[in-house]
Structures are given as structure tokens and as C-alpha cells.
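What follows is one structure encoded as C-alpha cells, with my remarks underneath.
The values are calculated or read from the model by the stated rules, or taken from the named source; none is laboratory data. As the structure is a computational prediction, the values presented were derived from the model and not from experiment. As a convention, Cβ positions derive from the backbone with ideal geometry for all residues, glycine included, and neighbour counts pool all protein chains shown. Surface areas here come from the heavy atoms of the whole protein model, side chains and all, with no ligands, DNA or RNA. Shrake-Rupley method; radii C 1.70, N 1.55, O 1.52, S 1.80 Å.
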Amino acid sequence: MNARPDSPTSPILLSQYQAPAWRVERVELEFDLAIDRTEVLSRLTLRRGDATSSLRLDGEGLELLSIALDGKALDPSAYRYADQMLEVDGAEDGSVLETRVRLDPANNTALEGLYLSGTRDTGFLLTQCEAEGFRHITYFPDRPDVLASYTVTLRADRARFPVLLAGGNPDGAGELEGGRHWARFVDPHPKPSYLFALVAGRLEKIERDYTTADSRAVTLVIWAEADAIERCHYAMDALERSMRWDEQAYGRNYDLDVFHVVATHDFNMGAMENKGLNIFNAKYLLADPDSTTDDEYRAVEAVVAHEYFHNWSGNRVTCRDWFQLSLKEGLTVFREQQFSADMNSAALKRIEDVALLRRAQFPEDAGPLAHPVRPAQYQEINNFYTATVYEKGSELVRMLAGKLGKDGFRRGMDLYFARNDGRAATLEDFLGALGEANHIDLTPYLAWYGQAGTPRIKAHGRYDANARSYTLVLKQHTAPTPGQAQKSALPIPVKLALFGQDGAMLALHLGDSEDGATERVVVLDRAEQSFVFQHVDAAPVPSLLRGFSAPAILECDYSPAELALLLRHDVDGFNRWEAGQQLAARAYDALRDNGDDVAVQAWCDALADLFERGGLDDALLADLLTPPGEIELAEREHDIDPSRIHATRQALQRRLAERLGTSELQRRYDTLAAQTNRNLDAASQAQRRLKKRVLDLWSLVDNNHALIAAAAQCAHAPTMTDRLAALSVLVRSQAPQAADALARFRQHHAGDPLAMDKWFAVQAQLPGDAVLERVQSLANDPAFTLKNPNRVNALLGSWARGNPSGFHRADGAGYRYLAERLRELDALNPQVAARLATVLNGWRRLEPVRRDAARAAIAGLAEEGTLSRNLGEIVRSMLGD
Ligand code: TRP
Ligand code: ZN
């Protein structure tokens with residue numbers, strides 16, 4: 001069914017965009033649904049575009065049963081199918097094309113198009129159409145700039161498929177002969193085919209009435225299988241909060257009478273914003289204290305919001321082509337980040353988002369898969385749902401929002417939505433509207449969308465005591481990326497402040513502006529610029545790129561003492577954390593290079609101070625006590641040796657734990673443990689976060705008492721957060737109690753796939769060479785399957801992506817094992833295989849022994865003639881072909 005072109009397909013180019021030759025005004029679909037034999041009748045009302053070319057429709061893996069044009073069956077000579085396209089002669093403006101095709105959802109393991117979630121006997125049918133899944137359902141110009149109104153009729157056996165859902169408003173339902181029934185949905189809002197969706201099967205629901213700010217009565221319905229429906233209440237609350245927030249923050253109201261949300265365990269990505277019928281990976285919808293961690297609760301809230309916000313940023317205003325993907329994704333990630341910052345702690349959210357950017361996007365931007373936020377070409381669009389398009393894309397929107405200010409950004413967004421409602425837009429439309437509403441020319445910022453790579457800013461300060469002036473010299477440089485040798489200077493907003501040696505912020509006098517504010521934004525838009533501050537009484541400590549005002553890497557020649565000053569005194573939670581991260585990286589360097597102890601001591605002393613002093617939020621303290629992760633640390637090195645990075649980072653944490661003191665750690669742990677509860681308020685979450693961090697550190701210096709405490713916590717924890725935190729300590733320190741704790745965990749959660757994912761994931765995180773054998777044996781566990789993306793990511797993803805020292809064995813056995821599994825996985829699910837393969841993205845920067853072994857594994861894959869277009873493109877790009 002999945003055609004596998006064995007030669008590389010020619011790339012799709014942004015520069016070759018052409019408006020569609022044919023448009024579709026109306027789509028009428030009729031589905032006769034069954035597990036392994038579904039028939040789809042499609043009636044398309046066609047409109048001729050500007051061009052005169054013949055009608056060509058996308059279609060893949062479809063069995064054509066009949067075809068008629070304007071009511072007349074077509075002679076086989078009047079149409080032909082080649083290169084995944086159906087070409088039809090004789091169509092005219094206003095013609096109606098009718099096709100009937102047959103599908104086999106039960107055998108669709110790619111989870112794209114119409115497929116079965118769960119077992120043949122009890123599972124349900126659903127669709128995933130973004131980006132190009134609709135062509136697996138019927139023949140259609142499957143591109144986002146073809147907007148049509150949809151009428152969808154579903155028919156199926158009532159007992160097997162009691163619930164029938166499609167996007168849009170319900171428009172009738174009834175009985176049919178032979179125990180069958182039907183339901184119809186009409187979507188009044190024109191939409192591209194990637195937003196089409198249907199769901200059919202045995203599902204339970206929870207409902208809530210909602211009235212929009214413009215007085216529309218809406219029914220919100222969340223659907224899940226019977227065993228999960230009671231875990232949907234948190235998502236319902238999050239949905240209502242999201243809807244209210246979008247009304248208040250952006251003036252955006254919901255626009256249908258119903259809003260359906262469905263949970264599935266079988267999903268390639270996080271969730272999907274289908275118009276009126278969002279579909280979620282269960283991981284991002286189901287939540288209860290016994291099986292969901294605090295981090296996951298926040299992820300549920302964030303993803304519910306993200307998909308809901310797409311209703312405007314993505315659905316009402318969609319993308320002209322897939323090169324504009326960040327128009328909807330970057331913008332929607334940004335809107336979600338603002339929402340989550342409003343609902344929770346803004347500083348913690350910013351820390352979390354920047355950490356993700358550094359862990360996922362910076363490495364991508366520094367390796368062979370680097371691409372601009374708006375790529376210039378692709379072979380397989382599914383490979384471009386990346387951290388660059390999503391997270392860096394969001395950072396670019398944040399820069400624009402920062403430049404325009406709160407009111408200016410809102411004005412710009414209002415104009416953007418008004419102007420582009422019902423249209424398929426471009427990034428130029430977006431920047432144009434933001435700029436015009438504010439009489440600002442934003443076109444210089446377009447360069448950010450076209451240039452790959454993370455800019456490096458070098459900062460150097462010079463104090464002149466005689467002139468009482470402080471000169472800050474900023475330089476920017478972006479290294480070449482594949483296909484982009486020349487880089488230009490970008491407009492980089494650098495938010496900054498100056499601190500006196502007493503830790504107070506100075507009033508800023510920059511150039512002729514005498515406003516004396518303590519924080520300012522300067523825009524670095526050339527290779528090098530100087531900024532001179534007047535009336536400075538003593539050499540200050542600069543705090544730069546505050547709030548992470550641009551997605552750049554800052555290198556500033558701070559002394560450890562200067563960083564420690566910022567870590568102790570910066571009032572902004574994000575910047576305080578950032579100073580600590582930079583100081584920890586210095587301390588790490590010193591340990592690695594057997595350098596002097598100055599940075600290590602400065603870091604430990606400052607943290608010990610904050611730890612003892614009190615008054616800090618527990619969650620922020622937990623983050624401050626965490627050095628940059630192994631992936632971030634690797635980004636600063638050449639000839640990367642992940643096992644050495646792991647060992648050095650552990651040594652650094654041990655130094656911190658020793659400085660804090662075993663008995664102090666134990667005392668703090670006991671205090672926090674005494675507050676244990678299962679509440680979700682910010683203080684309770686923060687207490688769990690700090691407790692986890694303290695337990696981690698304590699276990700590094702006392703592997704007797706700490707492990708006893710961990711075992712007890714694991715056995716009696718009232719929440720998944722506490723249980724998993726303790727289990728993770730036991731597993732990673734190879735405690736004697738680990739096996740028993742794992743067995744109990746499994747017994748407790750055997751029936752819950754999401755909890756079992758954690759059981760797999762926690763074991764895949766065992767550091768060092770030994771984990772490979774564990775991963776191999778877990779892959780043979782009856783509970784493991786390559787057919788479920790969550791399970792694949794839990795085991796293979798947690799190992800290969802989340803556990804560098806366990807994956808990158810010097811003997812290359814890790815790479816070979818991954819390559820084997822990738823071959824198998826690719827035959828089932830190319831999207832998931834391609835995404836998993838990107839863990840090898842950084843192979844070229846490994847130390848020589850690992851580098852050779854990794855290259856051999858990738859090259860071995862590339863030699864296979866049968867790779868999917870998805871995995872094939874990733875593998876070839878990684879090799880640099
Ligand atoms: N648009 C989805 C989002 O909100 C992404 C997505 C969901 C997706 N399923 C997909 C992308 C399948 C590609 C393939 O981010
Ligand atoms: Zn999205």
C-alpha cells in the first residue's frame with residue numbers, strides 16, 4: 001500500500017510555488033466504515049484556477065472503484081494514474097468529479113490517513129491528515145492553499161461503531177437497515193484538506209457547556225475509551241481556560257456549535273488541530289495524580305491550549321504552502337507559551353522553554369539537518385515538523401512581539417487575523433500586518449526566517465574610570481550550515497541591564513537618551529557594534545540577553561565572581577537561572593580540564609547560600625540546583641565523548657551535594673517529604689520538584705540512607721511524580737531495591753499504557769554501556785511493540801535521545817542496534833522511524849572512534865534500497881549527500 005520510491009524523490013522548492021491550477025469549492029464525502037474495508041465516495045465541485053492545465057489530484061494507496069465526471073462514468077482513456085497522481089481529462093469550471101475508493105484501515109501501520117487505534121475487536125477508527133494524509137483517503141488536490149467547505153456523511157454498523165464524528169457542526173443522524181446508522185456533519189468554514197478528520201467507534205464522553213465572549217453556545221465534548229474517560233476532566237478544565245484566555249488576550253472566539261476532542265494511544269505526534277475535532281495522543285490528554293507527573297500535567301494543559309489556539313492561528317488563517325509551516329506552528333507555540341506563563345509561573349515556563357530550545361533546537365541547527373525556520377526545500381514534509389520550525393519559530397514571534405510591545409503586537413495580530421481570515425497566508429503576510437499596524441518596517445526580521453544556524457554573540461565590556469563610561473562591544477557571527485555558506489548579520493534584540501558590585505541595578509544612560517531606566521533593549525544588527533553607557537561610577541556587571549531576548553548563543557568574558565553576583569542578585573527568575581547555568585558550565589569546564597577550583601566553588605557557594613537562605617520559590621530553587629544537561633554540555637565541545645561528559649557532570653553534582661552537606665540534604669528531604677500530598681497547586685508541585693532534586697543530590701553522597709528513603713517514597717508515593725522520581729533514583733544508582741520497585745510499579749500500572757511507557761523509559765535511562773543489554777531485553781518484553789509510537793519513544797527514544805552516555809557506546813553496538821530497529825520500524829511507520837533516526841544528527845562532532853562507528857551505521861542504512869522517503873531523506877542528509 002505504501003509506495004516506496006527506491007530512488008530519492010526530487011525536492012520540492014519554495015521558489016517554485018505556483019497557485020493551484022484547480023480549486024475545490026465544495027467537498028461531499030460519504031464513508032461506509034468498516035475495520036478493513038472502508039469505502040469513500042467523494043463529490044468535488046471544481047473551480048478552474050488561472051492556469052489551463054488538466055485536472056490533477058493527489059492519491060496514494062487508493063483502490064479506485066468508480067469515477068464519474070458531471071454524472072457520467074469516465075472511460076478509462078479519460079483518466080490515468082501515475083506518480084501518485086490521478087489525471088482527469090475534460091473537467092471544466094464548475095464540473096463535479098465523483099470517485100469511489102476502497103481503503104483498509106486495519107492494515108495502516110503508518111498512522112497516516114484512516115487507521116485503526118487499538119485492536120480489531122475493540123479499537124476505533126480515526127484519521128490523521130496533516131500534512132499529506134488526505135490523499136490516503138481520497139483523490140484530492142492535497143495542498144493547504146485549496147480551501148473548501150465540507151459535508152461529511154458517515155455510515156457504519158451501530159453496535160461496532162456507536163459513535164460517529166467528523167469536523168464541523170452536526171447536521172442530522174439516523175438509523176439504516178441491517179443494524180447500521182448514519183451521521184452527517186457540515187463545516188461552514190472553508191478549510192484545507194489537512195484539517196479534515198473523522199472518528200468512529202466505541203467511545204465515552206464528558207461534556208461541558210461553554211458560552212463564548214460573543215455569546216455563542218458551544219458544547220465541549222471530550223471522548224476517550226471507557227477505561228480512560230474519567231481521566232479527561234483536567235483536560236476539560238484546561239480547554240475552558242484556553243478558550244477564555246484566547247478571548248481575553250487576542251479577542252478570538254470559537255466559531256462552531258461543538259468542539260470535539262478525542263484521545264488515542266496510537267498517534268505519531270502530540271496532537272492535531274482538525275477543525276472542530278481535535279485528536280490527541282492520550283499522553284497529552286489523560287491525567288490523574290496516580291499516573292501523571294506534574295510535568296505531564298503542564299504538558300497536557302499546554303498541548304490542549306496549543307491545539308485550541310490553532311483554531312485561529314492555523315485554521316481560520318492557514319498556510320499557503322508547507323514552507324510557511326512556522327506561520328501556524330511558531331505562532332501557536334508562542335501563544336501557548338504566553339498562556340502557560342499566565343497560568344503558571346512565568347519564570348519557570350521561560351526556563352523550561354529555553355532549556356528545550358537548547359536541548360532540541362540548538363543541536364539541530366548546528367548539525368547536518370540544519371534548516372531555516374522557513375526551509376527553502378524538502379523531500380518529505382513530515383521531516384520538517386522540527387524544533388526549528390516550532391521552537392525557534394516561536395522565538396522569532398517573541399522577538400517581533402517584544403519589538404512592538406504589548407499593545408502594538410495586539411494591534412498587529414488583530415490586523416493579521418482580519419486581513420487573512422479564510423485565507424492561506426505567508427510569513428510575509430504575517431510580518432506585513434504586524435508592521436503596518438504599527439507603522440514599522442519589519443522586513444529586516446524576515447532574514448531570521450531564511451537563515452539557518454544559531455547566531456553567536458560575543459560580548460566584551462570596557463570600563464573607563466576617567467570618563468565614567470562603560471562601553472559594551474557586541475559582535476555577531478553565524479557559522480555556515482549545509483547549503484548556506486554565507487551568513488548575514490541579523491537584527492538581534494539584546495535586552496540588558498547593568499549591575500553594580502553591590503548587586504543593585506544601575507540606571508542606564510545610553511547615548512543621548514537620559515531616561516535612566518534599569519533595563520533596555522539594544523538591537524545589534526551589524527557584525528559589530530558598540531554601546532556606550534555614561535555616568536557609571538564603577539565597573540558594572542552586564543546582564544545580557546535578558547529573558548532570552550533572541551535565540552542566540554551568548555559568549556561573555558565574565559569572571560566566575562561576576563556570574564555568581566548575577567546568580568545571587570538578579571531579581572528576574574530567568575536571568576538568575578541563566579547566570580547559574582553559565583557558571584555551572586564554567587565549573588564543568590574546570591573539572592573536565594583539571595583547572596582551578598574557582599568556578600566550582602563560586603557555583604557551589606552561591607547555591608549553598610540560596611539553599612540555606614530560604615525565600616526562593618521551591619521550584620526555581622530546584623532548577624537552580626540543576627546544571628545544564630548532558631546534551632547542552634556536549635554542544636560546547638568538539639570530539640564529544642558522552643561517557644566523559646556524564647562522568648564530569650556527575651562529579652560536578654557531587655561537588656554541589658558535598659557543599660550542601662549530606663545531613664542538610666537529608667534534613668531538607670525530610671521536611672519536604674513531610675509535606676507530601678497529591679494536590680496540584682503551584683506550591684505542592686514546587687515541593688515535589690525540589691524534593692526530587694534534593695533526593696537526586698543526596699543519593700550522590702549517601703547511597704545508603706538516600707536509597708532507603710527513595711525505596712520508601714517509591715512504595716508509598718500518592719502521586720506519579722513522587723513515585724517516578726524515586727524509581728528513577730533507584731534505577732540510575734543501580735540500587736539493590738531497584739528490581740523490586742520496578743516489579744511493583746509494573747504490577748500497579750500493568751493496565752495503563754501511559755504508565756507502562758514510563759516503566760520502559762526509566763530503565764532506558766540507566767547510564768553507561770550496560771543499558772544496551774537492558775534495552776535489548778526490554779524490546780523482547782511482551783509489552784513492547786514497534787507498532788505503538790509512544791512505546792517506541794519510551795524505550796528507544798529515551799535511550800538514544802535521553803541517555804547519551806548509554807547510547808553512544810565506544811564499540812558502536814548502540815548505533816548498530818538502533819539501525820536494526822530503525823529498519824524494522826521504517827517498514828511499519830516511516831514518520832516515527834525518521835524522527836527517531838535524527839538522534840544520530842550530531843555524529844560528525846563525536847570523538848573519532850564513535851564518529852566512525854556512527855557513520856558506518858548510518859551509511860549501512862543509506863545503502864538499503866527500501867527505505868521510506870521519510871527515513872531516506874534523513875539518512876542521506878545526515879551523511880551530507
Ligand atoms: N499540527 C500538529 C500540531 O499541532 C502537528 C501534527 C500532528 C502532525 N500530527 C501530525 C504533523 C502528523 C505531522 C504529521 O503541532
Ligand atoms: Zn501545532
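Yes or no: Ala764 open to solvent by less than 10 Å² (accessible area, probe 1.4 Å), under 30 Å from Leu285 (Cα atoms), over 29 Å from the mean Cα position of the chain (by Cα) and aliphatic (A, V, I, L, M)?
no
Looking at Phe309, is it within 11 Å of ligand 2 (Cβ to nearest atom) and touching a Ser or Thr at 6+ places or on another chain (Cβ under 8 Å)?
yes
Among the residues of segment 321-334, is there at least one that is more than 16 Å from ligand 1 (Cβ to nearest atom) and not in a loop (DSSP other than H, G, I, E, B)?
No, there is no match, as no residue in segment 321-334 is more than 16 Å from ligand 1 (Cβ to nearest atom) and not in a loop (DSSP other than H, G, I, E, B).
Quick test for you: out of Pro718, Pro782, pick the one residue that is in a loop (DSSP other than H, G, I, E, B) and closer than 23 Å to Tyr297 by Cβ.
Pro718
Mind checking whether some residue in segment 324-340 is more than 15 Å from ligand 2 (Cβ to nearest atom), of a type outside the set (Lys, Arg) and touching a Lys or Arg at 6+ places or on another chain (Cβ under 6 Å)?
no
Grab the helices (runs of 4 or more DSSP H) fully contained in segment 825-881, keeping just those with 3 or more residues being modelled with pLDDT of 95 or more and among the hydroxyl-bearing types (Ser, Thr, Tyr).
Output list is empty.
Taking segment 257-291 as the search range and keeping residues that are under 22 Å from Asn382 (Cβ atoms) and β-branched (Val, Ile, Thr), which one is farthest from ligand 1 (Cβ to nearest atom)?
The selected residue is Val262.
Restricting the search to segment 701-724, which residues are of a type in the set (Gly, Ala, Ser), under 33 Å from the mean Cα position of the chain (by Cα) and open to solvent by less than 10 Å² (accessible area, probe 1.4 Å)?
Across segment 701-724, the qualifying residue is only Ala710.
Give just the number: which of (1) β-branched (Val, Ile, Thr); (2) under 15 Å from Gly276 (Cα atoms); (3) open to solvent by 10 Å² or more (accessible area, probe 1.4 Å) does Val218 not satisfy?
Unmet condition: (3).
Given (1) hydrophobic (A, V, I, L, M, F, W, C); (2) more than 13 Å from ligand 2 (Cβ to nearest atom); (3) open to solvent by 10 Å² or more (accessible area, probe 1.4 Å), identify the lone condition not met by Val261.
(3)
Quickly run through segment 388-423 and pick out the residues that are within 16 Å of ligand 2 (Cβ to nearest atom), under 21 Å from Tyr194 (Cβ atoms) and open to solvent by less than 20 Å² (accessible area, probe 1.4 Å).
Thr388, Val389, Gly393, Ser394 - these are the residues of segment 388-423 that are within 16 Å of ligand 2 (Cβ to nearest atom), under 21 Å from Tyr194 (Cβ atoms) and open to solvent by less than 20 Å² (accessible area, probe 1.4 Å).
Name the strands (runs of 3 or more DSSP E) wholly inside segment 135-213 in which the number of residues that are of a type in the set (A, V, I, L, M) is 3 or more.
Numbers: elements: 148-157, 163-166, 169-175, 180-191, 198-201, 204-211.
Of the strands (runs of 3 or more DSSP E) lying wholly inside segment 135-213, those with at least 3 residues that are of a type in the set (A, V, I, L, M) span 148-157, 163-166, 198-201.
Taking segment 76-103 only, how many residues are buried (at least 18 other Cβ atoms within 10 Å of the Cβ), free of Cβ contacts under 8 Å to residues at least 40 places away in the same chain and among the hydroxyl-bearing types (Ser, Thr, Tyr)?
Count: 1.
May I ask you to verify whether Ala302 is out of contact with any Gly (no Cβ under 9 Å at 6 or more places or on another chain), more than 14 Å from ligand 1 (Cβ to nearest atom), among the aliphatic types (A, V, I, L, M) and part of a helix (DSSP H, G or I)?
no
Could you give every pair whose Cβ atoms fall below 6 Å, whose first residue belongs to segment 391-402 and is over 13 Å from Ala447 (Cα atoms), and whose second residue is β-branched (Val, Ile, Thr), counting only separations of at least 6 or pairs across chains?
Close Cβ pairs (under 6 Å, with a partner that is β-branched (Val, Ile, Thr)) amount to Lys392/Val373; Ser394/Val333.
Is there a residue in segment 642-663 that is in a loop (DSSP other than H, G, I, E, B) and modelled with pLDDT of 95 or more? Steps first, answer last, please.
Taking segment 642-663 first, the residues in a loop (DSSP other than H, G, I, E, B) are 661.
If we keep only those that are modelled with pLDDT of 95 or more as well, we get 661.
Taking every residue of segment 642-663 in turn, at least one turns out to be in a loop (DSSP other than H, G, I, E, B) and modelled with pLDDT of 95 or more.
Okay, residues lined up against (1) open to solvent by 30 Å² or more (accessible area, probe 1.4 Å); (2) charged (D, E, K, R); (3) farther than 27 Å from Arg252 by Cα:
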| residue | (1), (2), (3) |
| --- | --- |
| Glu130 | no, yes, no |
| Ile137 | no, no, yes |
| Ala159 | yes, no, yes |
| Asp187 | no, yes, no |
| Tyr194 | no, no, no |
| Asp214 | yes, yes, no |
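Within the bounds of segment 344-365, is there any residue that is within 11 Å of ligand 1 (Cβ to nearest atom), open to solvent by less than 10 Å² (accessible area, probe 1.4 Å) and touching a residue at least 60 places away in the same chain (Cβ under 8 Å)?
no
Return yes or no: is Pro368 open to solvent by 20 Å² or more (accessible area, probe 1.4 Å) and part of a loop (DSSP other than H, G, I, E, B)?
Answer is yes for this residue.
Looking at segment 305-316 only, could you name the residues that are more than 11 Å from ligand 1 (Cβ to nearest atom) and surrounded by fewer than 24 Cβ atoms within 10 Å (Cβ to Cβ)?
Arg316, the sole residue that qualifies.
For (1) in a loop (DSSP other than H, G, I, E, B); (2) open to solvent by 40 Å² or more (accessible area, probe 1.4 Å), each residue gets a yes or a no:
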site	(1), (2)
Lys487	yes, yes
Leu496	no, no
Leu508	yes, no
Val532	no, yes
Pro542	no, no
Pro551	yes, no
Tyr558	yes, no
Leu567	no, no
Val571	yes, yes
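Quick one: what pairs do we get from segment 307-330, first residue on the phi > 0 side of the Ramachandran plot, second among the aliphatic types (A, V, I, L, M) and more than 9 Å from ligand 2 (Cβ to nearest atom), C-beta under 6 Å, 6+ apart or different chains?
Pairs that qualify, where the first residue is on the phi > 0 side of the Ramachandran plot and the partner is among the aliphatic types (A, V, I, L, M) and more than 9 Å from ligand 2 (Cβ to nearest atom): there are none.
Could you tell me whether any residue of segment 749-756 is at pLDDT 95 or above, out of contact with any helix residue (DSSP H, G or I) (no Cβ under 6 Å at 6 or more places or on another chain), open to solvent by 10 Å² or more (accessible area, probe 1.4 Å) and within 16 Å of Asp722 (Cβ to Cβ)?
Within segment 749-756 (the criterion being at pLDDT 95 or above, out of contact with any helix residue (DSSP H, G or I) (no Cβ under 6 Å at 6 or more places or on another chain), open to solvent by 10 Å² or more (accessible area, probe 1.4 Å) and within 16 Å of Asp722 (Cβ to Cβ)), the answer is no, since none of the residues qualifies.
Return only the number of the condition from (1) in contact (Cβ under 8 Å) with a residue 12 or more places away in the chain; (2) under 23 Å from the mean Cα position of the chain (by Cα); (3) part of a helix (DSSP H, G or I) that Ala228 does not satisfy.
So Ala228 meets the others, but not (2).
Could you go through segment 665-685 and let me know if any residue there is among the hydroxyl-bearing types (Ser, Thr, Tyr) and in contact with a helix residue (DSSP H, G or I) (Cβ under 7 Å, 6 or more places away or on another chain).
Checked segment 665-685: at least one residue is among the hydroxyl-bearing types (Ser, Thr, Tyr) and in contact with a helix residue (DSSP H, G or I) (Cβ under 7 Å, 6 or more places away or on another chain).
Does segment 109-134 hold any residues that are within 25 Å of the chain's Cα centre (by Cα) and either of a type in the set (D, E, K, R) or within 16 Å of ligand 2 (Cβ to nearest atom) (or both), and which are they?
Within segment 109-134, Glu112, Gln128, Cys129, Glu130, Ala131, Glu132, Gly133 qualify.
From Leu796, Leu840, Leu778, grab the single residue that is more than 24 Å from Lys283 (Cβ to Cβ) and either touching a residue at least 12 places away in the same chain (Cβ under 8 Å) or surrounded by fewer than 16 Cβ atoms within 10 Å (Cβ to Cβ) (or both).
Leu840
What residue, of Ala287, Ala302, is touching a residue at least 24 places away in the same chain (Cβ under 8 Å), open to solvent by less than 20 Å² (accessible area, probe 1.4 Å) and within 13 Å of ligand 2 (Cβ to nearest atom)?
Ala302
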